[in-house]
Amino acid sequence: MTDSLADPLADPHLRYPGHPAAAGTCTGPRDIVILGSTGSIGTQAVDVVLRNPERFRVVALSAAGGRVQLLAEQAHRLGVRAVGVADEAAVPALREALAAEYGVQPLPEILAGPDAATELARFACHSVLNGITGSIGLAPTLAALEAGRVLILANKESLIVGGPLVKAIAEPGQIIPVDSEHSALFQALMGGARAEVRKLIVTASGGPFRGRTKAELAGVTPRDALAHPTWEMGPVITINSATLVNKGLEVIEAHLLYDIPFERIEVVVHPQSAIHSMVEFTDGSTLAQASPPDMRMPIALGLGWPERVPDAAPAFDWSKAMEWEFFPLDENAFPAVSLARHVGSLGGTAPAVFNAANEECVDAFLAGRLAFTGIVDTVAAVVEEHSADKHDAPTAGTSLTLADVLEAERWARTRARECAAQATAEAHV
């Protein structure tokens, strides 16, 4: 696995500036920066840290700025040195909330603006947990890697939209994945050599609409789609799970993380979400990673790697009967995975277009401006138009730049909004 971004067999002890121990090994708590600390991943990471103060020490936090009271509480409880918010308008409220928490104690340094998270990603620390949602996490991902930090990656979009950029600077094993599926693959891959891997099997819960036909999905409402049967997540990720766009993104991510061709990455529906993914080896053996659905386990593994954190999350109670089911993916009803394979094969800025167009379509669906089935249909139309317009962006990964990614996203968002509005108008004719 020596060429993989997420390599469970690589030396995990990476140096960083000022570290007191040889080969990056810590003699005390490991210094961590958490980006997106008030979101779902961030709050669970804070919980893991607070329950393991002898192992982890958070030195900086960042958030969008919409939950300043929670951010201030986290900063005080963790004793951080710096806090960042993307929304500069949130600074007065944040300063007031911090003052209420800290009293007469000195307040942490406050960074504000769209580059705050990127600045904190370079902060002196061992690891950076990128829990930001969306492709805005790309710049912090690149900054953390360039600074030599271990990147604990929950922000899959940054890898997907900027794959060639990330691969150009990341050292083997510098990225530890947090997605439950990719954490499972990471763990199962320890069971054999790279040449012995036949297939990666990514499991999907199937979302709230498993078993429905495409025709039956046409009338799905936002309330229906937000009722995920297994996981509690933010609205965008929850809708992505319902359309299976999230699973398509995970297929692209698996390809980039583990350097396995798309034709050797399979998606299987597993409603119980007990087995988080599997690796099939050339001798016919399949290794699966199983645990109750609790994101604190993969978060703790990322924070503590190469060591596990005891009691990070509950284990199965094997004294109770359980049934685990597996079904093939209905790609007619849920075409997002096959579309993602196509997009991943195109490379260049195509994944950025796919992701940005989807985010706009999800917003339109949640606002009642687009049908549920129109999400993936509209994304597919935008991707097709982009791939036909050769001058819009390079397809060769070696020529990709951050400016290319940002421009492709801008174009895709504009075009997706236009297509969604057109689809809505046609539906009302």
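The values are calculated or read from the model by the stated rules, or taken from the named source; none is laboratory data. Keep in mind the model is a prediction, meaning the values are calculated, not measured. Cβ coordinates were reconstructed from backbone atoms using ideal geometry, including for glycine residues, and neighbour counts include every protein chain displayed.
Only a single criterion out of (1) out of contact with any helix residue (DSSP H, G or I) (no Cβ under 7 Å at 6 or more places or on another chain); (2) not assigned by TED's automatic domain parsing to the domain that holds GLU263 is not satisfied by ARG194, namely (2). Selection of first residues in region 302-324 that are under 22 Å from LEU50 (Cβ atoms) and in contact (Cβ under 8 Å) with a residue 60 or more places away in the chain and of second residues that are of a type in the set (Lys, Arg) and in a helix (DSSP H, G or I), restricted to Cβ pairs under 8 Å at least 6 apart or on distinct chains, gives the following pairs, ordered by first then second residue: ALA312/ARG296.
Yes/no per residue for (1) at pLDDT 95 or above; (2) over 19 Å from LEU138 (Cα atoms); (3) acidic (Asp, Glu); (4) assigned to a helix (DSSP H, G or I):
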residue	(1), (2), (3), (4)
GLU323	yes, yes, yes, no
VAL337	yes, yes, no, yes
VAL343	yes, no, no, yes
ALA357	yes, no, no, yes
VAL362	yes, yes, no, yes
HIS391	no, yes, no, yes
ALA403	no, no, no, yes
ARG413	yes, no, no, yes
CYS419	no, yes, no, yes
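Residue count for region 203-225 satisfying the condition of being surrounded by fewer than 24 Cβ atoms within 10 Å (Cβ to Cβ), more than 19 Å from ASP294 (Cβ to Cβ) and either in the same structural domain as SER127 (by TED's automatic domain parsing) or of a type outside the set (Phe, Trp, Tyr) (or both): 16. Please determine whether any residue of region 295-316 is in a loop (DSSP other than H, G, I, E, B) and at positive phi. Within region 295-316 (the criterion being in a loop (DSSP other than H, G, I, E, B) and at positive phi), the answer is yes, since at least one residue qualifies. Apart from one condition, ALA321 fits all of (1) over 25 Å from ALA380 (Cβ atoms); (2) touching a Pro at 6+ places or on another chain (Cβ under 9 Å); the exception is (2).
Quick check on region 307-363: of everything there that is over 23 Å from ALA215 (Cβ atoms) and aromatic (Phe, Trp, Tyr), which residue is surrounded by the fewest Cβ atoms within 10 Å (Cβ to Cβ)? Once the filter is applied, the top-ranked residue is TRP318.
Going residue by residue through region 382-400, is there one that turns out to be surrounded by 17 or more Cβ atoms within 10 Å (Cβ to Cβ), within 30 Å of ARG223 (Cα to Cα) and not assigned by TED's automatic domain parsing to the domain that holds ILE237? So far as region 382-400 goes, yes, one or more of its residues are surrounded by 17 or more Cβ atoms within 10 Å (Cβ to Cβ), within 30 Å of ARG223 (Cα to Cα) and not assigned by TED's automatic domain parsing to the domain that holds ILE237.
What number of residues in region 143-152 are touching a His at 6+ places or on another chain (Cβ under 8 Å) and either outside any loop (DSSP other than H, G, I, E, B) or at positive phi (or both)?
Residues meeting the conditions: 1.
Residue-by-condition table, conditions (1) more than 19 Å from the chain's Cα centre (by Cα); (2) modelled with pLDDT under 95; (3) basic (Lys, Arg); (4) buried (at least 21 other Cβ atoms within 10 Å of the Cβ):
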residue: ARG149; (1), (2), (3), (4): no, no, yes, yes
residue: ILE152; (1), (2), (3), (4): no, no, no, yes
residue: ALA168; (1), (2), (3), (4): yes, yes, no, no
residue: GLY173; (1), (2), (3), (4): no, yes, no, yes
residue: VAL178; (1), (2), (3), (4): no, no, no, yes
residue: LEU185; (1), (2), (3), (4): no, no, no, yes
residue: ILE201; (1), (2), (3), (4): no, no, no, yes
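Checking ALA90, ALA86, ALA100, ALA72 one by one, the residue that is buried (at least 19 other Cβ atoms within 10 Å of the Cβ), within 22 Å of LEU50 (Cβ to Cβ) and assigned by TED's automatic domain parsing to the domain that holds ILE136 is ALA72 and no other.
Scan region 103-127 for residues that are crowded, with 17+ Cβ neighbours inside 10 Å, part of a loop (DSSP other than H, G, I, E, B) and in contact with a strand residue (DSSP E or B) (Cβ under 8 Å, 6 or more places away or on another chain) and the total you get is 4. Of all residues in region 261-284, at least one satisfies being in a loop (DSSP other than H, G, I, E, B), exposed (fewer than 14 other Cβ atoms within 10 Å of the Cβ) and in contact (Cβ under 8 Å) with a residue 40 or more places away in the chain. Looking only at region 349-372, decide whether some residue is of a type in the set (Lys, Arg), farther than 18 Å from LYS247 by Cα and out of contact with any Lys or Arg (no Cβ under 8 Å at 6 or more places or on another chain). Looking for residues that are of a type in the set (Lys, Arg), farther than 18 Å from LYS247 by Cα and out of contact with any Lys or Arg (no Cβ under 8 Å at 6 or more places or on another chain), one finds at least one in region 349-372, hence yes. The residue of region 226-260 that is surrounded by the fewest Cβ atoms within 10 Å (Cβ to Cβ), among those that are modelled with pLDDT of 90 or more and among the acidic types (Asp, Glu), is ASP259.
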